[in-house]
Amino acid sequence: MTNTKGQSEQEPIAITEEMGLHKQWYEAAKQVTLDTLPDFTNQMINDYQHDYGTVCHALAAGALATLWAMNSTPQGGITGFQASAIMWKLIREWYYTSNKTGLRIIDYDKFLYPQYADYFTEKTIPKNIWEGIQKEAKNRIEEADGAHAQYLVDTEQYEKDLAAFVEKYPDYYERKDYYDHISYGPLEAWNEYEAKADSGFEFAPRKPYVTVDLEGNVYKHWKSIVAGVVPFGYTIGED
């Protein structure tokens with residue numbers, strides 16, 4: 001139960017995924033309207049003390065309730081094709097925001113129907129998706145080449161800066177842990193590092209690092225894709 005401010009009038013109910021309560025939420029979400037949507041979403045968050053799994057169901061039910069509520073308005077009534085487009089928007093904008101080349105969902109329910117034999121026998125990739133993959137591989141090669149060129153410049157400058165630092169602090173190589181920046185370590189080490197930084201301590205120059213190895217397997221894989229070699233035993237199909 002929630003009050004008019006959307007706040008629970010009682011202590012949140014501790015629940016677990018094993019209780020199966022989330023199944024009711026998904027059914028209830030289908031009946032939500034714009035008027036009842038605030039109460040529903042507030043209930044999902046404020047009326048329950050969630051565990052690792054139930055909070056996922058709560059957010060998913062809230063998202064579905066929003067879709068059902070908006071679709072129940074005069075501007076709703078979407079088609080199945082539109083529903084599919086919305087599904088892909090949710091997948092992309094929520095989780096796969098960095099995807100550049102495309103996604104695919106495999107419906108294994110089709111195993112139940114013999115007419116879908118071709119759906120599973122061929123390892124094919126649509127031509128337009130393959131072209132997108134080649135384009136992205138080319139982009140990543142160019143970015144890696146640019147990063148490597150900058151790395152060479154930074155390394156040359158680092159060697160000059162380090163030589164000047166060693167001239168100023170001759171004990172550097174005997175006390176590297178004292179002079180170097182840190183990138184990981186226990187809390188005590190971070191506290192000490194931050195205290196030194198706040199005091200104006202002069203750290204040694206940071207050594208540049210390589211983001212992509214131009215001799216590594218990933219870079220060679222990109223090169224192979226751009227050259228037209230389809231990996232993983234796939235063939236090119238139609239768009």
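Every read-out reported here was derived from the displayed coordinates using simple, explicitly stated rules and does not represent laboratory data. Everything numeric here is computed off the predicted structure, so don't read it as measured data. Cβ coordinates were reconstructed from backbone atoms using ideal geometry, including for glycine residues, and neighbour counts include every protein chain displayed.
Under a Cβ-only charge scheme (Lys and Arg +1, Asp and Glu -1), can you give me the dipole magnitude of the stretch 114-201 about the Cα centre, in debye to the nearest 20? Result for the stretch 114-201 is approximately 420 debye, rounded to the nearest 20. Amide H to amide H, with H built 1.01 Å from N, Gln49 comes under 5 Å of Ile13, Ala14, Ile15, counting only residues 5 or more places away or on other chains.
Projected label points at Glu17 and Lys135, each 7 Å from Cα along the beta carbon direction, are separated by 3.8 nanometres.
With a Förster radius of 35 Å applied to the beta-carbon distance between Val230 and Ser183, the computed FRET efficiency rounds to 0.35.
Computed extension gain for Val218 through Asp51, at 0.36 nm per residue and net of the alpha carbon distance, reaches 56.3 nm. Of the residues Ala85, Leu162, Gly185, the one whose Cα sits farthest towards the positive end of the charge dipole of the chain is Ala85 (charges of +1 on Lys and Arg Cβ, -1 on Asp and Glu Cβ, taken about the Cα centre). Here the 3J(HN,Hα) profile of the stretch 226-239, calculated from phi with Karplus coefficients 6.51, -1.76 and 1.60 at θ = phi - 60°, is 4, 6, x, 8, 7, x, 6, x, 7, 10, 8, x, 7, 5 Hz, Gly and Pro shown as x.
If only the Cβ of Lys and Arg carry +1 and only the Cβ of Asp and Glu carry -1, the dipole of the chain around its Cα centre is close to 960 debye. Listed values for the stretch 96-112 are Karplus-derived 3J(HN,Hα) couplings in whole Hz (6.51 cos²θ - 1.76 cosθ + 1.60, θ = phi - 60°), namely 9, 5, 8, 5, 10, 10, x, 9, 8, 10, 9, 8, 6, 4, 5, 4, 7, and x replaces Gly and Pro. Segment Asp109..Thr155, full-extension length gain: 11.1 nm, with 0.36 nm per residue of separation and the alpha-carbon distance subtracted. Remark on Gly237: its backbone amide H falls under 5 Å from those of Ile125, Lys127, a criterion applied only to residues 5 or more positions apart or on other chains, H modelled at 1.01 Å from N.
Here the Gaussian network model covers the chain, with springs between Cα atoms less than 10 Å apart; of Ala164, Ala69, Ala195, Ala195 fluctuates the most.
Inter-label distance, Lys30 to Ser98: 3.7 nm, where each label sits 7 Å from its Cα along the C-beta direction. Positive end of the dipole of the chain (Cβ unit charges, origin at the Cα centre): among Gln75, Ala58, Ala29, the Cα lying farthest that way belongs to Gln75. Is the shape of the chain rounded, prolate or oblate, going by the alpha carbon gyration tensor and its root eigenvalues a ≥ b ≥ c, with a/c under 1.5 for rounded and a/b larger than b/c for prolate? Here the chain falls in the oblate category.
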